[in-house]
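These notes concern the structure reproduced below.
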Amino acid sequence: MANSAQPNVEKLEAVGIVKQFPGVLANDHVDFDVSAGEIHTLLGENGAGKSTLMKVLYGMYQPEEGHILINGEQVRFHSPLHAIQRGIGMVHQHFMLVPTFTVAENVALGLPSSRKVVLDLDRVTEQLLEVAELYGLHVDPAAKVWQLSVGEQQRVEILKVLYRGASLLILDEPTAVLTPQEVDDLFCSLRKMVARGHAIIFISHKLHEVLSLSNRVTVLRAGRVVDTVPTATATKEGLARLMVGRDVLLRVNRPTVERGDIRLTLKGIEALGDNGLPALRGVDLDVCGGEILGLAGVSGNGQKEMAEVIAGMRSLTAGRVAIDGVDVTGHSPARLLDRGLSYIPEERMTDGVVRDFSIEENLILKDHHHPPYSKGLFMDFKRIAMETDDLIKKFDVRTPSRNTTLKSLSGGNIQKTILARELSRDPAIAIAAQPTRGLDVSATEYVHRRLMEQRTQGTATLLISEDLDEILNLSDRIAVIYEGQIMGVAHRDDVTVEQLGLMMAGIHPDLPDDERQPAHCPVSDGA
């Protein structure tokens with residue numbers, strides 16, 4: 001490794017950290033510590049101050065008050081380079097890799113080389129393979145980053161900090177984009193690091209992961225430490241209560257709903273991905289009124305392409321799409337909106353909103369030319385203000401005003417804005433793609449409740465999620481996609497997690513024929 005010294009951060013302490021931004025007290029006299037051989041989770045809602053505190057520990061921000069101790073010695077980091085030199089490494093939620101470079105080139109980037117201006121890739125590759133083997137972070141050093149899965153790219157980010165000799169790792173939402181299998185692999189690697197004397201600060205919203213992985217949990221709320229508890233005595237309900245300040249419903253209520261007729265039909269759907277290769281291969285699916293059909297699968301198996309095909313944003317190469325029995329294949333997004341389709345996209349910041357528009361402008365984005373927002377050729381600004389204020393209140397969007405620029409909101413409030421726009425249209429069909437990705441427990445609870453309300457109102461909802469717990473919690477029926485094909489469809493009570501896992505790996509489970517793809521929408525028993 002570039003720094004072959006043994007882990008040297010025996011204990012890190014943050015004492016009385018205060019960090020302010022204009023109008024915001026992000027960290028309010030925060031105390032926090034982590035020791036070698038420990039995984040200490042930092043938990044809190046979006047905006048609680050978690051990432052700010054970590055950026056202070058990593059030298060990206062300078063605190064107004066307080067200090068940092070390493071092994072009892074007071075230190076001050078003026079930049080991330082200083083933190084790295086003291087054995088602290090940070091893996092950011094959004095990867096910082098050069099897609100066109102190889103794994104070895106990304107790891108070597110910025111490090112001194114024995115060949116001066118030429119990267120010493122032979123030596124880097126050899127040492128990289130040793131580190132990868134030691135911690136179970138297997139990846140091909142010669143592979144281009146753009147060719148790697150999300151899980152493999154994350155391994156590269158972790159290998160980068162380990163290669164630089166980090167003994168304390170800060171992981172910011174490391175599982176937000178991983179599949180269940182990739183999460184298991186990551187946790188196995190983290191436990192190996194801890195066993196070899198590393199210290200790990202783990203930031204996450206997923207309570208079951210926090211309880212299964214960490215030794216202690218510190219909860220932040222509104223920039224302050226609420227409590228630090230050992231996970232051995234903690235519960236999901238108790239942690240959620242500390243985060244939000246109230247009881248949180250972790251499982252949704254499922255009222256009895258009589259499912260209606262088929263609203264959305266996919267028949268023999270085939271489409272190409274962005275790389276020009278087949279992404280969907282003969283997909284057949286039906287979604288009924290008053291049901292949530294969950295689509296589970298490992299990332300990159302055609303979920304994104306399916307959502308875009310239904311929303312009119314991607315062309316088909318074969319098959320047809322029908323709404324209420326009417327063929328809408330090839331229709332534009334605008335025509336599909338008129339047919340009652342609402343779309344909550346996976347990439348909310350690029351496909352769901354206009355970042356530089358106000359909340360008001362984003363709320364009327366799709367219907368500004370229709371009543372009540374317009375009268376003939378003219379927009380009714382008074383009515384727009386009244387309607388958007390009502391939506392902001394109904395959907396609990398936390399904002400100073402409707403004129404606030406959308407990009408200044410937290411991820412949870414941006415998602416609430418999208419929900420307000422899409423669900424207030426009383427859709428016949430709703431496509432919800434990764435609707436809670438990156439959201440905290442409170443925002444996730446809200447999104448789930450709204451989707452269940454649409455179910456009660458008779459909306460046919462296709463829920464696309466890589467979070468298996470979310471799929472099992474919300475869905476009436478569950479379909480699994482693998483390499484662009486539907487591996488099976490079953491009622492939520494008739495399939496096990498093990499069977500879902502097999503389908504996600506491309507293995508057909510032993511399901512009765514009538515559970516692979518029901519020909520009609522059965523009446524719900526309210527389970």
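The values are calculated or read from the model by the stated rules, or taken from the named source; none is laboratory data. Here the structure is a predicted model, which is why all the values come from computation and not from measurement. As a convention, Cβ positions derive from the backbone with ideal geometry for all residues, glycine included, and neighbour counts pool all protein chains shown.
See the values below:
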item	result
In the range 317-351, the residues that are over 23 Å from ALA296 (Cβ atoms) and in a loop (DSSP other than H, G, I, E, B)	THR317, ASP324, GLY325, VAL328, THR329, GLY330, HIS331, SER332, ARG339, GLY340
Residue check for ASP440: buried (at least 21 other Cβ atoms within 10 Å of the Cβ) and either outside the structural domain of GLY238 (by TED's automatic domain parsing) or in contact with an Asp or Glu (Cβ under 9 Å, 6 or more places away or on another chain) (or both)	yes
The range 54-83 residues that are touching a residue at least 60 places away in the same chain (Cβ under 8 Å), paired with ones that are assigned to a helix (DSSP H, G or I) and surrounded by 14 or more Cβ atoms within 10 Å (Cβ to Cβ) (beta carbon under 7 Å, 6 or more apart)	TYR58/PRO80; TYR58/ALA83
Meets criteria (of a type outside the set (Phe, Trp, Tyr), part of a helix (DSSP H, G or I) and under 29 Å from ARG86 (Cβ atoms)) for GLU237	no
The range 413-437, residues that are small (Gly, Ala, Ser) and either surrounded by fewer than 21 Cβ atoms within 10 Å (Cβ to Cβ) or in contact with a Lys or Arg (Cβ under 8 Å, 6 or more places away or on another chain) (or both)	ALA420, SER424, ALA428, ALA433
Qualifying residues in the range 285-326 (those that are more than 28 Å from THR256 (Cβ to Cβ) and among the charged types (D, E, K, R)) - the one surrounded by the most Cβ atoms within 10 Å (Cβ to Cβ)	GLU305
Members of the range 159-181 that are at positive phi and either over 10 Å from the mean Cα position of the chain (by Cα) or modelled with pLDDT of 90 or more (or both)	GLY165
Test: residue in the range 224-234 that is over 20 Å from LYS50 (Cβ atoms) and surrounded by fewer than 20 Cβ atoms within 10 Å (Cβ to Cβ)	yes
Which numbered condition ALA240 fails, given (1) crowded, with 18+ Cβ neighbours inside 10 Å; (2) within 20 Å of the chain's Cα centre (by Cα); (3) in the same structural domain as ASN71 (by TED's automatic domain parsing); (4) within 22 Å of ASP184 (Cβ to Cβ)	(4)
Checking SER332 against (1) under 14 Å from SER342 (Cα atoms); (2) touching a helix residue (DSSP H, G or I) at 6+ places or on another chain (Cβ under 9 Å); (3) not hydrophobic (A, V, I, L, M, F, W, C), the condition it does not meet	(2)
Residue that is nearest to VAL139 (Cα to Cα) [pool: residues in the range 152-175 that are part of a strand (DSSP E or B) and in contact with a helix residue (DSSP H, G or I) (Cβ under 7 Å, 6 or more places away or on another chain)]	LEU169
Members of the range 469-527 that are of a type in the set (Gly, Ala, Ser), farther than 28 Å from GLU258 by Cβ and either buried (at least 19 other Cβ atoms within 10 Å of the Cβ) or at pLDDT 90 or above (or both)	GLY484
Residue within the range 136-149 that is polar (S, T, N, Q) and at pLDDT 90 or above present	no
VAL107 being in contact with a helix residue (DSSP H, G or I) (Cβ under 7 Å, 6 or more places away or on another chain), assigned to a loop (DSSP other than H, G, I, E, B), closer than 30 Å to ASP140 by Cβ and among the aliphatic types (A, V, I, L, M)	no
Candidates LEU220, LEU186 - the one that is in the same structural domain as LEU121 (by TED's automatic domain parsing), crowded, with 22+ Cβ neighbours inside 10 Å and either of a type in the set (Val, Ile, Thr) or closer than 19 Å to LEU128 by Cβ (or both)	LEU186
Where a residue in the range 180-207 is closer than 18 Å to SER465 by Cβ and its partner, wherever it lies, is modelled with pLDDT of 95 or more and crowded, with 22+ Cβ neighbours inside 10 Å, with Cβ under 8 Å and at least six apart	SER204/THR41
Selected residue (only one of ARG254, ARG259 is touching a strand residue (DSSP E or B) at 6+ places or on another chain (Cβ under 7 Å), in contact (Cβ under 8 Å) with a residue 24 or more places away in the chain, crowded, with 16+ Cβ neighbours inside 10 Å and in a loop (DSSP other than H, G, I, E, B))	ARG259
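This table checks each residue for (1) surrounded by 14 or more Cβ atoms within 10 Å (Cβ to Cβ); (2) modelled with pLDDT under 90.
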residue	(1), (2)
GLU64	no, no
HIS94	no, yes
PHE101	yes, no
LYS116	no, yes
VAL131	yes, no
